[in-house]
Amino acid sequence: MVASKTATPRHRDDREVFLGAGAPAARPRRRDDRKVAWLFLAPVLVGFALFYAYPTVLGVYYSLTDYGLLAPPNLVGAENYRDLVNDDKFWNALKVTGYYVVLNIVSQTVLALALATVMHRLTQSVAVRAMLLVPWLVPNVTVGLLWMWMLDANIGFVNHVLRAVGLGTTGFLTSPTWAMPTIAGINTWAYTGYTALLLYAGMLQIPRYLYESASLDGAGEWRMFTRITLPLLRPVLALVLVVSLIGSFQIFDTVAVTIRNTPGGVTRVIYYYIYEQAFTNFRMGYASAIAVVLALLLGLLTVVQMRLLRASRSDLA
Amino acid sequence: MTPTRTQVSPGRIAPARSPLARMSQGRIPLGRIAAWVLLALAAVATIFPFYWMVRTALTPAADLYSDGVGLLPDNPTMINFLRVLGLTSVAESREAGGSGAKVDFLRYLLNSFVYCGLITVVQTLCCAMAGYAFARLRFPGRDLVFGLLVAALMVPPIFTLLPNFVLVKNLGWLNTFAGMVAPTVLMTPFAVFFLRQFFLSIPREIEEAATLDGVGGWGMFWRVVLPMSRGPLLTIGLTTAVWAWKDYLWPLLTGRDEETRVLTVALGIFLQQSPNTQPDWTGLMAGSTLTVLPVLVLLIFLGRRLVESLNFTGIK
């Protein structure tokens, strides 16, 4: 890259400058490591320019074009965005995604908080934590298939159990009402352990003596949870919540694996809609426009996340 | 946390007893029992589906409707593993419930290892180099470039996915490992950010001492800084490996062919090849088991590291 021509011989004299100055401060030297720095940065800069920066610009450009992959993109201005406003399937995809996110985030956060609290107060066992992490380590495709089988309308394990206890069987994924809650439940299963571990890490930062003195004062576990754990965990909890939200909006794998089993469109989330427009209908331009909207939404959440990250540092550091 | 906050004030010093001993004082510890029950339930809910997956994989397809409720299937068999690994003839495979379409999970397993391994090793090294440069070297434009990288954290993957697909396609890299690893093999903004933060936290004295011994920038990184950084490198490497192991959409778009098909993509295609209305569950569960086994091996050898890595990386 630019490395060779920007080289300066100055940094070789570093030592002399440093010793000669004899200053007590840690960084009195005025160095310039250009040559070696570009060498260090070259692979990352190439990767960044080609596969992050350039496609980001290109993505915005595509969203202003009519592009079917075969012919070159054809500039159409804001047409894709105008179409978007009148596209029922787009609005439906947003609605379905929102429904999923609410179900998933609420159940996952409540369960994870309960698990983390229990672990925090009962056991430090690494084995327990490792076990809870397994569903997160496994590909979402595997998780989707596994639960599709467990929930199979005829011979799935869950319906065996429901039959055995005298309840009627359910199709779960094949039911228009239950398909989306089922997907939310599956992903809650996959991510609760992971989320619990993040919250648990946050709880470890709470000074132990708080619990010890509260206990001496006769406080019960529930009181300690509401008066110590929850308030002091708040910054971490908020951060974990936003990270989970950003992840939850990007649900794709579980939906993609099960979509042939679910009734028409009830699980077509925004990510899947983009995928479908781009690679089934070959409407790259339109798909990019939806991606721009999603990116703005997620970008907003990330800004919130960054704010919280700073807030959590100052609170618990 | 500051030292003063952790100190117990003199009047408050409690006798050193375990929290458990204190909690069980006096009344029956109903709450504690409930807590253990909750934990046990979580354990069962976590493990049982995996047990059921393996049990199904060991069941002959013909027995699926009639099988009993024992710990193991009535007639346990390895045929499902053999046929998804491509170790049986087409006739045998069809007889055992397969569609007769070619499945070669041995190949897909190797492809997954290549995909995962390439991205993990190369990305971690490249990002460590860059992270070091951003943390320690001085050059014009450093903060601007780093700011741009951090800003890229805000761009969701789907946004760059579409143009990247076009780029890889135009390069003629579809269905090659080059195309599959291209967008992530050199860097992710998060890995650079994470490693820079770590390098900033190393005491400068060590490097200053090495400077006095005449070690320069390049040698400093490879011989002094990297060997000290095994922990964080392993942490970010594991995070990347898990991500790559689970990745589905990008390999689905760029590597559908047999030669580059990874396990996740293979499972999706296998599901669509199902011969009847009912998917080939015994085969699918055998294939699914193959995606879980390497994860268990990882947990056995690096479980502690993996669990503790969430303390740093999870909250990103």
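Couple of notes before you dig in:
- Members of A:Lys35/B:Lys169; B:Lys102/B:Lys169; A:Lys95/B:Lys246; A:Lys95/B:Lys169 lying beyond 29 Å, as alpha-carbon distances in this model show: A:Lys35/B:Lys169; A:Lys95/B:Lys169
- Cα-projected label distance for A:Leu297 with B:Leu171, points at 7 Å along beta-carbon direction, nm: 3.1
- Nearest-10 value in Å² for the accessible area of B:Met129, using the 1.4 Å probe: 20
- Summing charges over neighbours of A:Ile228, with a neighbour being any other residue whose Cβ is under 13 Å away from its Cβ, gives +2 when K and R count +1 and D and E count -1.
- The accessible-area ordering, largest first, of the residues A:Lys35, B:Lys246 stands as A:Lys35, B:Lys246, per a 1.4 angstrom probe.
- For the segment A:145-151, counting C-beta atoms of other chains within 10 Å of every residue's C-beta and taking the mean gives 6.
- Computed with a 1.4 angstrom probe on protein heavy atoms, the B-A interface buries about 10300 square angstrom of accessible area in total.
- 5 angstrom amide H check on A:Thr65, placed H, neighbours 5+ away: A:Val76
- Cα-based shape type of the protein assembly as shown, given that a ≥ b ≥ c are square roots of the gyration tensor eigenvalues and the cut on a/c is 1.5: oblate
- Build a GNM of chain A with springs between Cα atoms under 10 Å apart, and of A:Ala291, A:Ala164, A:Ala130 the one that fluctuates most is A:Ala164.
- Of all accessible heavy-atom area on chain A, the percent that carbon and sulfur account for (1.4 Å): 62
- Taking packing as the residue-averaged number of other Cβ atoms within 10 angstrom, the listed peptides B:131-137, A:155-161 run from highest to lowest as B:131-137, A:155-161.
- Chain B shape via C-alpha gyration tensor axes, a/c threshold 1.5: oblate
- Label-to-label distance for B:Glu95 and A:Ala214 is 6.6 nm, based on points extended 7 Å past Cα in the beta-carbon direction.
- At least 50 Å² accessible surface lost relative to isolated chain, residues of segment B:243-280 (1.4 Å probe): B:Lys246, B:Tyr248, B:Leu249, B:Leu271
- Modelled label reach - A:Tyr54, point 7 Å along Cα→Cβ, segment B:183-201 residues with backbone N closer than 19 Å: B:183-189
- Heavy-atom accessible area for B:Glu205, with the other protein chains in place and a 1.4 Å probe, reaches approximately 120 Å².
- Counted residue by residue at 0.36 nm each, then reduced by the alpha carbon distance between them, the extension gain from B:Phe113 to B:Leu234 reaches 41.8 nm.
- Å² of accessible area per residue within segment A:211-273, as computed with a 1.4 Å probe and no ligands counted: 40
- Inter-chain neighbour count for B:131-140: the average number of beta-carbon atoms from partner chains within 10 Å of each residue's beta-carbon is 6.
- With every protein chain in place, segment B:41-90: carbon and sulfur % of accessible area (1.4 Å): 75
- Shape of chain A, Cα gyration tensor, a/c cut at 1.5: oblate
- Most fluctuating residue given options B:Trp36, B:Trp250, B:Trp281, as computed from a GNM of chain B linking Cα atoms under 10 Å: B:Trp36
- The residues of segment A:55-79 occluded by other protein chains by 30 Å² or more of accessible area, set against the chain on its own, are A:Pro55, A:Thr56, A:Tyr62, A:Leu69; surface from heavy atoms, 1.4 Å probe.
- Largest GNM mean-square fluctuation among B:Trp222, B:Trp243, B:Trp173, using chain B with Cα springs under 10 Å: B:Trp222.
- For segment B:114-260, the per residue solvent-accessible surface stands at 37 Å², with DNA, RNA and ligands left out and a 1.4 Å probe.
- Per-atom-type breakdown for segment B:203-316 gives carbon and sulfur 60% of the accessible area (1.4 Å probe, protein chains only).
- Ordering of A:112-123, B:288-299, A:224-235 by burial proxy (mean other Cβ atoms within 10 Å per residue, highest first): A:112-123, B:288-299, A:224-235
The values are calculated or read from the model by the stated rules, or taken from the named source; none is laboratory data. All of these numbers come straight from a predicted model, not from anything done at the bench. With ideal geometry, Cβ positions are generated from the backbone for all residues, glycine too; neighbour counts draw on all protein chains shown. Protein only, heavy atoms only, side chains kept; ligands, DNA and RNA dropped before computing areas. Shrake-Rupley method; radii C 1.70, N 1.55, O 1.52, S 1.80 Å.
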